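Contents: one structure, followed by commentary.
The values are calculated or read from the model by the stated rules, or taken from the named source; none is laboratory data. Keep in mind that what you see is a predicted model, and the values were worked out from it rather than measured. Every residue, glycine among them, receives a Cβ derived from its backbone with ideal geometry; neighbour counts consider all protein chains shown.
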Amino acid sequence: MLVKLSLNSIKSRFKDYLVLFFGLIISSAIFYMLEAIATNNQFTEGNTIISSIKFIFQFGSILLGIITLVYVSYANNFLVGMRKHDYGLFMMLGAKKGKVSQLVAIETMFVGIISTVLGIILGISLTGVLSKLIMKQLGISLKHFSVIYFPAIKITLILFIILFLIASILNIITFSRTSALTLLRSSQATDWKKASNLKLIIQSILGLVLLGIGYFALCDIKNLKLSSIPIALVTIVLGTYFVFNALVSILITQLQKTNFGQKRLNNFTLAQLKFRIRDYTKILSVVSILFALSLGAITVSYEMNHQVEKYANVNSMYSIAVVNPDKNIKTNIQKLSDASVQQYDQITTKNRIYYNKSQINARPFEYQDVNNSGEIKGIKKASIRELSNPNSTAYSNFLNVNGYSSKKIIFVSDQKFNSIHQKVNHLTLVKVKHTTENNIILDKIVAMQSKQLKVKNVENLPGSYGYFKLLKGVYSGMEFMGTFLGFAFLAMLASCLMFKILSGATDDRQRYQMINKLGAQKSTQINSIIQQVGLLFLLPAILGIIDVIFGLQMFDQMELISDPYSDLILVLCGFLFVYLLYGLVTVIMYIKIVLPKIKITK
Amino acid sequence: MNKKILDVKDVTKVYNSNGSEPYEALKGISFSVDQGEFVGIMGASGSGKSTLLNILATLDQPTSGQVMVDGKNLSNLSANQMAEFRAKKLGFIFQDFNLLENLTVRENIQLPLSLQNIKAKLFNNKVQEVASQLNIQDILEKYPSQISGGQKQRVSSARALVSDPSLILGDEPTGALDSQNARELLDTLNDINEQGVSILLVTHDPFSASFCKRILFIKDGQIGEEIKSDGLSRSEFYQVILDKLGTFEQ
Ligand SMILES: Nc1ncnc2c1ncn2[C@@H]1O[C@H](COP(=O)(O)OP(=O)(O)O)[C@@H](O)[C@H]1O
Ligand SMILES: [Mg+2]
């Protein structure tokens, strides 16, 4: 009988359950996807690209595990909030506490298991689609990558079942300790007290100062060196907490006093927000900081991947260096777009390689200048003197195009060069403007070259393209990782926030019903909800974006990436799109839960 | 003749909850309330009192019939106009005090004025005025959780009065109060009424009803009988009501 009643009330709140299921399915799907990559040893070890960054996956899955824990607890609160009234009513009608607790536990497990199984199925299909898409996008192929991976399924199932088991036990405790009446009236139990102004002001100032120190530490990494990161981490985390706990409250109170604050429902909306923010301090801080970390990680990995060419050029400005290219290689070189080709004559003896000075002076050898601390200083033309100095950058670049030969390189005059009666070879150097655009032809050339020279790993070939390929692999892998993890975290964070907000919606229903009676128009009420939910979503995002702007300074200062902000906008757009989509769903759900359904036909 | 503040003609209400048979909660109700009257509507639980009140309050629509408030035909109003109408012309006093716990007493009282987009400067005086009328000037800056049940009910009365409504509607306003506070609230309503505000009170409590000047009895969705105090003292009228209820029970 009770089971039937319970099922009936589930039916009547089908839409709320749909959101609950949807959120949980997404979270277990994301977890499965990450595990499918992280735990697949064959895949991670079989790919030079991925194996170097395996630790990021492991770190990521631990972090995701923690977020999942928070997430399930919020989702469970949402579930309990939804059911409190129903179960309170059952108890009033005479159902035994034990029976009700049992029912609650069964319902929790039921929701958990169904959503986890569906989540894994979704995860499998998403892994398939996403991996194909990303491999194509990044131009890499992933070996041994299986979409259905049993150990990942096992881990996902175990984690989620344990989490829901804990949730069930907690729910049993909640329901067996609380009386029917408290359950029924739980929504009216909110207690609102004024916080002391002095405390708020001190906390706000402290928060701003801490954020300031953190941002300064990020910008001043050159002097602070390695201590910059821990300083920034601690101060920004604490600063964020205080800003949400106090500063936002103060700003809202000030806003309430203005004319704007007195208009229509604004005062109510602001009061709601002020009330909420304090309750939300922790989750808003976590969302803000993880938002920043994920956004930063994606941006940096994008940016680095875009600069692989520059990194590779540190070894050599010339993608290809071939001695006496055959006809096949020559025709391929001609096919390259925007390429400039130059040729030096060389004579190789037992211990030496001779070059003609005047030939090199006529068309100087180019290299990317790097100072002692590794900063890239721009492109330079090498003089013979630099080329002859074994400690110069020019020399090491020249050595590269000579295949790191152990023979001594000597520059001689025309006369001297011509007097050496040995076979003259031609070293052909090819510089392309855009390496990535030419990658197919360059691949062909390197393949032929490594066959001729019997070189196994392309990165050991003269010229920078082999090295470029190696770096590209690593950085594409990082970009893939960064993007995947970043968006996975974002989706989880946004849904944590969503459930946190929605679990308060039931309490708000009465407030809006009353406001409706007092004569608030529907549009005014909807605006009030959009403002409330919108601000709860926007505040952590804004602070997170500020964090990233300063965080990227760190990379800029270290010259790791030259223009860290150029990709930020693009990544940010993608980020905000996903994030705000969650915000939108939350607003719509909230309106559905909160606003009274009046059937006014006009 | 007095001006009619409320005129209800042949109002019916049929609930069509899906699955079950249509249920006719109101079966053709007609009555009117004059300006300045204090009218009670009494009836057993389930007789249709709340349904009627919701229709008068523009929170629900009648299936057929017409309701005029202060000369305005409610069925001609759009949803937005209804909201505006509620804010300007009606005052509500509910059983559960219905104060917003995250707003101060002052902010609660001024909410109907804010909703009409009246400037803060203009409504401060008005808030002060109703607050002193209801003797709650000293608690204006407190939050609802810091005041007593009787004070809360006075605050909701103040909120009902603040927009100078044509009609105050009360749905069992004393239902959640002890007898002392109930008495106080009813006295307050009486004062308000004597200052010329029309009040329509829905109740099943004879004591509350005895403060009204005229009582309509509603039974099974129809108005059965009507009695007037006609110069009787409150306690005499109370006796009349009890007698009347007695005859219904037989
Ligand atoms: N939304 C509704 N749907 C279906 N029936 C309803 C609805 N609201 C009230 N009723 C029915 O209409 C009748 C009158 O209800 P109501 O006006 O609340 O009575 P009262 O306030 O006098 O106790 C009751 O029988 C009740 O069951
Ligand atoms: Mg009722």
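Among (1) within 16 Å of ligand 2 (Cβ to nearest atom); (2) farther than 28 Å from B:E226 by Cα; (3) aromatic (F, W, Y), there is one condition B:F85 misses while meeting the rest; what is its number?
(1)
For every residue, the table says whether it meets (1) within 16 Å of the chain's Cα centre (by Cα); (2) surrounded by 16 or more Cβ atoms within 10 Å (Cβ to Cβ); (3) under 18 Å from B:L90 (Cβ atoms).
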position: B:E141; (1), (2), (3): no, no, no
position: B:A160; (1), (2), (3): yes, yes, yes
position: B:L167; (1), (2), (3): yes, yes, yes
position: B:T174; (1), (2), (3): yes, yes, no
position: B:L186; (1), (2), (3): yes, yes, no
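Anything in the stretch A:251-283 that is under 21 Å from A:I201 (Cα atoms) and polar (S, T, N, Q)? List them, or say none.
A:T253, A:Q254, A:Q256, A:T258, A:Q272, A:T281
Just checking, which of B:R154, B:R86 is outside any loop (DSSP other than H, G, I, E, B), more than 10 Å from every other protein chain (Cβ to nearest Cβ) and of a type in the set (D, E, K, R)?
Answer to the selection: B:R154.
Can you find a residue in the stretch B:64-75 that is among the small types (G, A, S), touching a Ser or Thr at 6+ places or on another chain (Cβ under 8 Å) and either more than 9 Å from every other protein chain (Cβ to nearest Cβ) or under 30 Å from B:F31 (Cβ atoms) (or both)?
Scanning the stretch B:64-75 turns up at least one residue that is among the small types (G, A, S), touching a Ser or Thr at 6+ places or on another chain (Cβ under 8 Å) and either more than 9 Å from every other protein chain (Cβ to nearest Cβ) or under 30 Å from B:F31 (Cβ atoms) (or both).
Before we move on, is A:T258 more than 25 Å from the chain's Cα centre (by Cα), surrounded by fewer than 19 Cβ atoms within 10 Å (Cβ to Cβ) and facing chain B (nearest Cβ under 10 Å)?
Answer is yes for this residue.
Checking the conditions here, which among B:L90, B:L115, B:L122, B:L56 is within 16 Å of ligand 1 (Cβ to nearest atom) and hydrophobic (A, V, I, L, M, F, W, C)?
B:L56
For B:G175, only one of the following conditions fails: (1) part of a loop (DSSP other than H, G, I, E, B); (2) within 14 Å of another protein chain (Cβ to nearest Cβ); (3) within 16 Å of ligand 2 (Cβ to nearest atom). What is its number?
Result: B:G175 fails condition (2) only.
So in the stretch A:373-414, with the set limited to residues that are crowded, with 17+ Cβ neighbours inside 10 Å and among the aromatic types (F, W, Y), which one is nearest to A:F468 (Cα to Cα)?
My answer is A:F398.
In the stretch B:37-72, which residues are among the β-branched types (V, I, T), assigned to a helix (DSSP H, G or I) and either crowded, with 21+ Cβ neighbours inside 10 Å or more than 14 Å from ligand 2 (Cβ to nearest atom) (or both)?
B:I55 - this is the single residue of the stretch B:37-72 that is among the β-branched types (V, I, T), assigned to a helix (DSSP H, G or I) and either crowded, with 21+ Cβ neighbours inside 10 Å or more than 14 Å from ligand 2 (Cβ to nearest atom) (or both).
Filter the stretch A:541-568 down to the residues that are modelled with pLDDT of 85 or more and touching a strand residue (DSSP E or B) at 6+ places or on another chain (Cβ under 8 Å) and list them by number.
none
Go through the stretch A:502-530 and give me each residue that's under 14 Å from A:T269 (Cα atoms) and more than 14 Å from every other protein chain (Cβ to nearest Cβ).
Listed by number, the residues that qualify are A:A505, A:I529, A:I530.
Looking only at residues in the stretch B:93-109 that are in a loop (DSSP other than H, G, I, E, B) and within 16 Å of ligand 1 (Cβ to nearest atom), which one is nearest to B:L186 (Cα to Cα)?
Here the answer is B:Q95.
For the stretch A:286-372, which fully contained helices (runs of 4 or more DSSP H) count at least 3 residues that are among the polar types (S, T, N, Q)?
Those helices (runs of 4 or more DSSP H) span A:327-335, A:357-362.
Mind telling me which of the residues B:Q110, B:Q137 ends up being touching a helix residue (DSSP H, G or I) at 6+ places or on another chain (Cβ under 8 Å) and more than 28 Å from A:R509 (Cα to Cα)?
Going through B:Q110, B:Q137 in turn, just one is touching a helix residue (DSSP H, G or I) at 6+ places or on another chain (Cβ under 8 Å) and more than 28 Å from A:R509 (Cα to Cα): B:Q137.
Going through A:V424, A:V341, A:V432 one at a time, which residue ends up being in contact (Cβ under 8 Å) with a residue 60 or more places away in the chain and surrounded by 19 or more Cβ atoms within 10 Å (Cβ to Cβ)?
Checking each option against the conditions leaves just A:V432.
Is one or more of the residues making up the stretch A:448-455 at pLDDT below 80 and surrounded by fewer than 22 Cβ atoms within 10 Å (Cβ to Cβ)?
Within the stretch A:448-455, one or more residues are at pLDDT below 80 and surrounded by fewer than 22 Cβ atoms within 10 Å (Cβ to Cβ).
Could you tell me which numbered condition B:L6 fails, if it satisfies all but one of (1) closer than 23 Å to B:S78 by Cα; (2) within 16 Å of ligand 1 (Cβ to nearest atom); (3) of a type outside the set (D, E)?
(2)
Looking only at helices (runs of 4 or more DSSP H) that lie completely in the stretch A:1-103, which have at least 2 residues being modelled with pLDDT of 80 or more?
Output list reads A:14-38, A:54-92.
With the requirement that a residue be at the interface with chain A (Cβ under 8 Å from one of its Cβ atoms) and either within 24 Å of A:K522 (Cα to Cα) or not hydroxyl-bearing (S, T, Y) (or both), what does the stretch B:111-143 give you?
Across the stretch B:111-143, the qualifying residues are B:L111, B:P112, B:S114, B:L115, B:Q116, B:N117, B:K119, B:A120.
Of the numbered conditions (1) in contact with a Lys or Arg (Cβ under 7 Å, 6 or more places away or on another chain); (2) over 19 Å from B:K219 (Cβ atoms); (3) more than 11 Å from every other protein chain (Cβ to nearest Cβ), B:S78 satisfies every one except a single condition; which is it?
(3)
Just to be sure before I move on: is B:S50 within 13 Å of ligand 1 (Cβ to nearest atom), among the hydroxyl-bearing types (S, T, Y) and within 14 Å of another protein chain (Cβ to nearest Cβ) in the structure I sent?
yes
Could you run through the stretch A:531-552 and say how many residues are buried (at least 17 other Cβ atoms within 10 Å of the Cβ), under 17 Å from A:L270 (Cβ atoms) and more than 14 Å from chain B (Cβ to nearest Cβ)?
Residues meeting the conditions: 6.
Restricting attention to the stretch B:57-67, which residues are closer than 16 Å to B:L169 by Cα and at pLDDT below 90?
Of everything in the stretch B:57-67, those that are closer than 16 Å to B:L169 by Cα and at pLDDT below 90 turn out to be B:A57, B:T58, B:L59, B:D60.
Name the residue that is surrounded by the most Cβ atoms within 10 Å (Cβ to Cβ), counting only residues in the stretch B:6-36 that are more than 19 Å from B:K89 (Cα to Cα) and of a type in the set (V, I, T).
B:I29
Considering only residues that are in contact with a Ser or Thr (Cβ under 7 Å, 6 or more places away or on another chain) and within 16 Å of ligand 1 (Cβ to nearest atom), which ones fall in the stretch B:131-181?
B:D171, B:E172, B:T174
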